[in-house]
1. For region 276-316, what are the residues that are over 24 Å from Asn111 (Cβ atoms), buried (at least 19 other Cβ atoms within 10 Å of the Cβ) and of a type in the set (A, V, I, L, M, F, W, C)?
2. For residues that are closer than 23 Å to Ile45 by Cβ and within 16 Å of the ligand (Cβ to nearest atom), scanning just region 103-114, find the one that is surrounded by the most Cβ atoms within 10 Å (Cβ to Cβ).
3. Hey, Ala36 hits all of (1) more than 16 Å from the ligand (Cβ to nearest atom); (2) crowded, with 16+ Cβ neighbours inside 10 Å; (3) among the hydrophobic types (A, V, I, L, M, F, W, C) but one; which does it fall short on?
4. In region 318-337, what count of residues is obtained for those that are over 12 Å from Leu308 (Cβ atoms), free of Cβ contacts under 8 Å to residues at least 40 places away in the same chain and not in a loop (DSSP other than H, G, I, E, B)?
5. Looking at the structure I just gave you, is Asp242 within 17 Å of Val277 (Cα to Cα) and assigned to a helix (DSSP H, G or I)?
6. Select from region 16-31 the residues that are assigned to a loop (DSSP other than H, G, I, E, B) and in contact with a Lys or Arg (Cβ under 7 Å, 6 or more places away or on another chain) and write down the one among them that is nearest to the ligand (Cβ to nearest atom).
7. Within region 65-91, track down each residue that is farther than 25 Å from Glu219 by Cβ and surrounded by 14 or more Cβ atoms within 10 Å (Cβ to Cβ).
8. May I ask you to say which residue of Ala55, Ala37 is over 25 Å from Ala174 (Cβ atoms) and in contact with a helix residue (DSSP H, G or I) (Cβ under 6 Å, 6 or more places away or on another chain)?
Amino acid sequence: SSTAFADAKSKVVILATGGTIAGAGATAANSATYQAAKVPVDKLIAGVPELADVADVRGEQVFQIASESFTNEQLMTLGKRVSALAKQDDVDGIVITHGTDTLEETAFFLNLVVHTDKPIVVVGAMRPGTALSADGMLNLYDAVAVAAAKDARSKGVLVTMNDEIQSGRDVTKAINIRTEAFKSPWGALGMVVEGKSYWFRAPVKRHTTSSEFDIDKIEKLAPVEVAYGYGNMSEAAYRAFDKAGVKAVIHAGTGNGSVAKHIVPVLQELRGKGVQVIRSARVTSGGFVLRNAEQPDDKYDWVVSHDLNPQKARILAAVALTRTQDSKELQRIFWEY
Ligand code: DGL
């Protein structure tokens, strides 16, 4: 019979961490007012019986939190669980259900430190499952379909939202309270339509098996903080970060990562104490911070974040500083990942 020849379904593990995809609102009209991180993973899976058509699925509840509350320690716990599962022969792909607020940070982190070619797909929802036109069920179906697909292998960590397949490195939550919230400045990698993935591009930056960083060899991420640049900015944030003992600061500068004249001295002082200074930009919809353009980075021994937005630059710096304190090595890492 045909079932005898149906190739065995891919085995996909769903790691649930919370967020709106596990959210519940008081009424179907509540698409933006609801409680995140309520529904357990087995109920999420039961809510989409069609998952069984695309993969052999099982779930684990790693956390049950709103993603704005993720800590470095929780990132490490999740990363080590993903790494352990990826090594198992009875796991072909991994899906992580996650709040959308910091989904892009977790996706980039896993892209940097998990050594596997198997698909890892991070997925969330902009509306709770209780809302009219909820997006979580289809997003989850798409994530499992991609995690089960052989052609999703070796593409780095992926994000499926709103029918699109995005690179975990590039994607960011660009819009609030709309289902088309996730954008990549360089474009999506592909689409999922009716459970089938269609690819149009592949990542060129280093990731997963080509990364020099390995979650299994990392104990603790380095403390890195971000400050926003704007007119009349004071140096108070950088003074406070210095007192807190940061290893790097990310300057989310105006324009091409500009630094106000009266802020340069405090950044030079931090650099002098061994704190890495990384110029990113509050302008995040495309382009990239050019070294030695707005500031003499060579002279000040500063680093530029390239095209990475401030929150992604923090993730890369937190990982890179577990392996090097050399600013030239750090700049190489920001060019390559
Ligand atoms: N509290 C936000 C979070 O957990 C809700 C946003 C969402 O998951 O869509 O990221």
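Each value in this text was obtained by applying a stated rule to the coordinates, not by laboratory testing. Quick caveat, the model's predicted, so the values are computed rather than measured. When we count neighbours, we look across all protein chains shown, and the Cβ atoms used for this are built from the backbone with ideal geometry, even at glycine.
1. If the condition is that a residue be over 24 Å from Asn111 (Cβ atoms), buried (at least 19 other Cβ atoms within 10 Å of the Cβ) and of a type in the set (A, V, I, L, M, F, W, C), then Val277, Trp302 are the ones that fit.
2. At the first step, the residues of region 103-114 found to be closer than 23 Å to Ile45 by Cβ are 103, 106-107, 110, 114.
With the extra rule that they be within 16 Å of the ligand (Cβ to nearest atom), the set shrinks to 103, 106-107.
On the way: Leu103: 28, Thr106: 26, Ala107: 30.
The selected residue is Ala107.
3. Here Ala36 clears every test but (1).
4. So the count comes out to 3.
5. Working: within 17 Å of Val277 (Cα to Cα): yes; assigned to a helix (DSSP H, G or I): yes.
So Asp242 passes the test.
6. Here is the first cut: in region 16-31, the residues assigned to a loop (DSSP other than H, G, I, E, B) are 19, 23, 25-31.
Subset that is in contact with a Lys or Arg (Cβ under 7 Å, 6 or more places away or on another chain): 23, 31.
Details: Gly23: 7, Ser31: 11 Å.
Selected residue: Gly23.
7. Listed by number, the list holds a single entry, Ala66.
8. Only one candidate qualifies: Ala55.
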